[in-house]
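The values are calculated or read from the model by the stated rules, or taken from the named source; none is laboratory data. Computed from a predicted structure; not experimentally measured. Reconstructed Cβ throughout: ideal geometry from the backbone, glycine too, with neighbour counts over all protein chains shown. Each accessible area value is taken on the protein alone, full model and side chains, heavy atoms only, with ligands, DNA and RNA left out. Shrake-Rupley method; radii C 1.70, N 1.55, O 1.52, S 1.80 Å.
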Amino acid sequence: MAKTLIQLTVNGEPHEVAVNPRDLLIHTLRETLGLTGAHIGCDTSHCGACTIDIDGQSSKSCTMFAVQANGSNITTIEGMAGADGTLHVLQEAFREMHGLQCGFCTPGMIMRAHRLLEENPTPTEEEIRIGISGNLCRCTGYQNIVKAIQHASETLTSNVEA
Amino acid sequence: MIPGDFEFKQPASKDEALSMLRDGGDDARPLLGGQSLIPMMKLRMASPDILVDLRGLDDLRHISIGKSIHIGAAVTQHELIGSEELFNVCPIIRETALVIADPQIRYSGTIGGNVANGDPGNDMPALMQCLDATYILESSEGIREVKARDFYEAAYFTALQTGEIVTGIRFPKPESGHGYSYQKLKRKVGDYATAAAAVVLSLSGDNVKSASVALTNLADTPLFVEKAEDILVGSQLTLNTIRATMDAAEAIMEPVSDGRGSREYRTKMGGIMVKRAIEQAAMRADGTAKGGLFGWLKR
């Protein structure tokens, strides 16, 4: 099949990419754009390691064709830190609260937590656990991930107040 | 896992989409959220030559509430959950959508895809049977309507003809003050139901005024429990009437033995889901005597 040209804005930068219709978005991000932060874990839309933010929604990029993302605005884990390398509040919180061990699930966890806090800046513990229920972690038992998201929520809320 | 090759078409209008599906025939498939179809394509269990993307069609994106409730096929589970207007008149929609898959999948997955795919594990079909919904089916030949209770023929086999799609769903607005419950037993977040039941009922004093019961993943189609209405309406919700409803439901279940449990276990759990859903619906219904009538439920 002929390749299609699609326009993507990824982490603020415009890209024009030629894709096959059957190319999954995760492969375009990782292999064409070199953004390997989003991971392929289960490749069956269970684990959430490939989670990215697309037009204000969390999406599992292993279960979406790149052509479906044409014209969209995407944020991946690479777009979270500042240009000068300053970690995003969520990244800092995951480090502070030991929200990761092996780190494989972390890009997906942080992207999902980012959208969760955008929608609900002060979630309860239960809301956090429901909110990240599409992301699997085999190391932490989730406890420190929940604490990290709570910590980030507190930091972001107090920044707004200050 | 890489799906087979296909041509991706993005129609600008519903009519254009229907023409594309007519021209594509059996080689073409409609695409909404893709949360069932794309995994099937990755496993090469589906390999359409043409995908017709319906997500951008504004005609399929409405939620409108009057005497009846209309929901466009492309409305996502996330949008269903987020609609306060819908929650105020028919809260069981949100309750059910919240136990479908996980947050990421609910941003993409649509009600149209969920009901039209014919997967017996999907949760919306039984709810639509419970609410006595009508599906609006459109093709380039025209429009027709099929009741959710008549739509499902076998696993992945429905009343849909080649080139025909579900464009929307319509159901009567449930009576104000109705009780409702969707009870789903599952092994983990994102799993299909081991057994699930949808119940909507209304009470007049101690008597059941209306009642509707349907079941998910307990046969190769969703199941509407026709006898539940006869058993419950006009009676009081006693242990005997609830037991009779459970028996009527279990009598029509035909679950397969699988990783979720044996046929016997899943049937028994189906009965329990019916019982819990009736009890919770009754407690949520206005007109429920506080404590007295349902005191025995807690014993």
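Scanning the stretch A:21-38 for residues being open to solvent by 10 Å² or more (accessible area, probe 1.4 Å) and either within 14 Å of chain B (Cβ to nearest Cβ) or over 15 Å from the mean Cα position of the chain (by Cα) (or both) gives a total of 8. Evaluating B:ILE92 against the criteria (1) more than 13 Å from the chain's Cα centre (by Cα); (2) within 22 Å of B:SER181 (Cβ to Cβ) leaves one unmet condition, (1). Scanning the stretch A:45-62 for residues that are within 7 Å of chain B (Cβ to nearest Cβ) and out of contact with any Lys or Arg (no Cβ under 8 Å at 6 or more places or on another chain) turns up A:HIS46, A:SER59, A:LYS60. Cβ separations smaller than 9 Å between residues 6+ apart or across chains give no pair from the stretch B:21-34 residues that are of a type in the set (D, E, K, R) to residues that are modelled with pLDDT under 95. Of all residues in the stretch A:114-124, none are more than 14 Å from chain B (Cβ to nearest Cβ), touching a helix residue (DSSP H, G or I) at 6+ places or on another chain (Cβ under 9 Å), assigned to a loop (DSSP other than H, G, I, E, B) and open to solvent by less than 40 Å² (accessible area, probe 1.4 Å). Of all residues assigned to the stretch A:64-79, at least one qualifies as being more than 14 Å from chain B (Cβ to nearest Cβ) and in contact with a Pro (Cβ under 6 Å, 6 or more places away or on another chain).
Among the residues of the stretch B:62-98, the ones that are open to solvent by 20 Å² or more (accessible area, probe 1.4 Å), within 16 Å of B:TYR135 (Cβ to Cβ) and assigned to a helix (DSSP H, G or I) come to 0 in all.
Quick check on my filter: what residues within the stretch B:170-217 are among the β-branched types (Val, Ile, Thr) and assigned to a strand (DSSP E or B)? Outline the logic, then answer.
Pass one, the stretch B:170-217, residues among the β-branched types (Val, Ile, Thr): B:189, B:194, B:199-200, B:208, B:213, B:216.
Scanning the stretch B:170-217 gives B:VAL199, B:VAL200, B:VAL208, B:VAL213, B:THR216.
B:ASP23 falls short on exactly one of the conditions (1) over 20 Å from A:THR28 (Cβ atoms); (2) open to solvent by less than 50 Å² (accessible area, probe 1.4 Å), and that condition is (2).
Going by what's in this entry, would B:TYR135 be described as outside any loop (DSSP other than H, G, I, E, B), over 11 Å from the mean Cα position of the chain (by Cα), within 14 Å of another protein chain (Cβ to nearest Cβ) and of a type in the set (Phe, Trp, Tyr)? Taking the combined requirement at face value, the residue does not satisfy it. Of the residues B:ASP49, B:ASP53, the single one that is open to solvent by 30 Å² or more (accessible area, probe 1.4 Å), within 11 Å of another protein chain (Cβ to nearest Cβ) and touching a Phe, Trp or Tyr at 6+ places or on another chain (Cβ under 9 Å) is B:ASP49.
Between A:THR9, A:THR4, the distinction of being surrounded by fewer than 21 Cβ atoms within 10 Å (Cβ to Cβ) and closer than 17 Å to A:MET80 by Cα belongs to A:THR9 only.
Residues in the stretch B:174-190: is at least one more than 18 Å from the chain's Cα centre (by Cα) and among the aliphatic types (A, V, I, L, M)? Reasoning before the result, please.
Going through the stretch B:174-190, the residues more than 18 Å from the chain's Cα centre (by Cα) turn out to be B:175-178, B:187-188.
Imposing the further condition that a residue be among the aliphatic types (A, V, I, L, M) reduces the set to none.
No, the conditions are met nowhere in the stretch B:174-190.
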